[in-house]
Every structure is written in C-alpha cells, then in structure tokens.
1. Name the residue, out of Ala175, Ala171, Ala163, that is free of Cβ contacts under 8 Å to residues at least 24 places away in the same chain, part of a loop (DSSP other than H, G, I, E, B) and either buried (at least 16 other Cβ atoms within 10 Å of the Cβ) or more than 14 Å from the chain's Cα centre (by Cα) (or both).
2. Does any residue of the range 151-170 turn out to be touching a His at 6+ places or on another chain (Cβ under 9 Å) and within 24 Å of Asp245 (Cβ to Cβ)?
3. If we keep just the residues of the range 1-34 that are among the hydrophobic types (A, V, I, L, M, F, W, C) and part of a helix (DSSP H, G or I), which is farthest from Pro72 (Cα to Cα)?
4. Under the condition of being crowded, with 19+ Cβ neighbours inside 10 Å and among the β-branched types (Val, Ile, Thr), which residue from the range 9-34 is farthest from the chain's Cα centre (by Cα)?
5. When you check Leu17 against the structure, is it hydrophobic (A, V, I, L, M, F, W, C) and at pLDDT 95 or above, yes or no?
6. Looking for something under 17 Å from Thr25 (Cβ atoms) and touching a strand residue (DSSP E or B) at 6+ places or on another chain (Cβ under 7 Å) - is there at least one such residue anywhere in the range 157-172?
7. For Leu220, indicate whether it is surrounded by fewer than 18 Cβ atoms within 10 Å (Cβ to Cβ), in a helix (DSSP H, G or I), at pLDDT below 95 and of a type in the set (A, V, I, L, M).
8. Mind checking which residues of the range 148-160 are surrounded by fewer than 24 Cβ atoms within 10 Å (Cβ to Cβ) and among the hydrophobic types (A, V, I, L, M, F, W, C)?
Amino acid sequence: MADLKQTPPYPPAHDLLKGKRVLVTAAAGTGIGFSVAKRAAEEGATVMISDIHEGRIAKAADQIEQAVGTRPVTALCNVTDQNDVDALFAAASQQMGGVDILINNAGLGGTADLIDMTDDQWSVVMDVTLNGCFRMNRAAFQHMNPNGGGVVVNNASVLGWRAQKGQAHYAAAKAGVMALTRCAGVEGAELGIRVNAVAPSLAMHPFLHKVTSPELLAELEAKEAYGRAAEVWEIANVMIFLASDYSTYMTGETVSVSSQRA
C-alpha cells in the first residue's frame, strides 16, 4: 500500500513558459508566491518578483538565482496603493519589456470570530486580498490589452466555498476573488486575456505555523485524503499550468488544489 503522506518528487521543468515575461506578487518568503516565481524561472520565463518587504524580496531573488541560474527582477509594491501598482507595471515594462503573465498572489489572512471582529480587522483583509486583487487585475488588463493579450492567475482559497470558524473576513475576500475571476474571465476573453484562479486547501510553509495552532493544522491535515498538507510547489505547479498554453480554453475558472472535495 502506498504511503499517502509521502511527498512526491519535485517534477522536472518542460519549458512551459519559455520566452514569457512573468510578474509575481507577494513573492518574498517561503510561500506559494516564491515557489511559483521559482517554478516560472525554471520553466524558461523572465521573471519579476514583487513584495512589500525590501530585504526579503532581495533574499528571494538570491535564492532563485542560486537555484535556477537566472536572477529575477525585483520591485517593491503594496497592492493596497494604486500608485504602487501603477509603478510596478511601469517597472515591468521598463525592465522586461512588458508582462505576458501576472501571478496575482498577494493576500492577507487572520483569525477573528465574527462577534468580536473589528472594522479594521475586516477592512485590512479585504483591502489586501480582494481590493488588491482587483487593482492588479485592472492594471493587467490596461497593460495587456494594447499588447495583444496575456494571462492572469489569481490565488483564491477553498474557504471561498467552505466555512471555517474565525475566517469570515478571509473567506468573504476569497469568495470575492473567485467572483472577480469569473467576471474578469468573461471580459478578458474579448481582449485576448485569460483569467483563472487556484483555490488551495492547505499548503504548508513556515508562516502558516506562526498564525495557526498545531491542533488546528493537525485537524485540517487529517481531512485531506493524503493525510498531509500540500507542498507549496504543488500549488505552484497548477498555477504554472494555468499560465501556460496547456490551458488555452480555460478562463473564468477556479481550480481547487486539494485532496478532498471543495
């Protein structure tokens, strides 16, 4: 019998994004953003990574360069600030010649019961996770439309479908990302822009341990068919698929990256 908890081997690259220019938000640290930026570079893309953490984004660029042999371009960007978003696309145009693919990974979570949740707790999650996604999608459309089209991949969550205690703000924001993706996909089809999203269930990285109790993590892992959380690169691989020419008929869709039913 197979060991379900055994992590599979990291798959080799196949030049799925060769010649493409990819912009990834929230790519510092050790989460999905960093992993998908690294995977995009492995798949032959020219990559720009952005984040709000100057030191961490430089470290992420160092790590990708060491692993892949090519150094991504870096830029600071706070997706809650429209000026930052505009400056990010301007920098991408100047340093890469444009953006073919946007991996829109920026988001913010937290835990608070609805009865105690403050306006500020609600608003900051909404502004980063949903409003930030809107700002980046809008900027991508404005940038890609005159350049003949492109691809956007948003990061949603299975909490956009499921209920979980203490996650009303995050779940509402991610459900909004899914709805935005559906509408953007329809509008983007007329412009040659595909828009899809992934909805991870549980992807393990160090930051998750900082904001989630060991008891809850164990409970969530037990619900997965494999009895383990996904590796961040397992989520990144699906994002790369959606960014690539292997998904040309898909738009407005949210793909659940989970080992249980959404």
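The values are calculated or read from the model by the stated rules, or taken from the named source; none is laboratory data. What you are looking at is a predicted structure, and each value in this text was computed from that prediction instead of being measured. FYI the Cβ positions are ideal-geometry reconstructions off the backbone, even for glycines, and counts take in every protein chain you see.
1. Within the list Ala175, Ala171, Ala163, the selection yields Ala163.
2. No, the range 151-170 contains no residue that is touching a His at 6+ places or on another chain (Cβ under 9 Å) and within 24 Å of Asp245 (Cβ to Cβ).
3. Selected residue: Ile32.
4. By that ranking, first place goes to Val22.
5. Numbers: hydrophobic (A, V, I, L, M, F, W, C): yes; at pLDDT 95 or above: yes.
Considered against the rule, which asks whether it is hydrophobic (A, V, I, L, M, F, W, C) and at pLDDT 95 or above, Leu17 comes out as yes.
6. Scanning the range 157-172 turns up at least one residue that is under 17 Å from Thr25 (Cβ atoms) and touching a strand residue (DSSP E or B) at 6+ places or on another chain (Cβ under 7 Å).
7. So Leu220 fits the description; yes.
8. So the first thing to find is which residues in the range 148-160 are surrounded by fewer than 24 Cβ atoms within 10 Å (Cβ to Cβ), and the list is 148-149, 158-160.
Those that are surrounded by fewer than 24 Cβ atoms within 10 Å (Cβ to Cβ) and among the hydrophobic types (A, V, I, L, M, F, W, C): Val158, Leu159.
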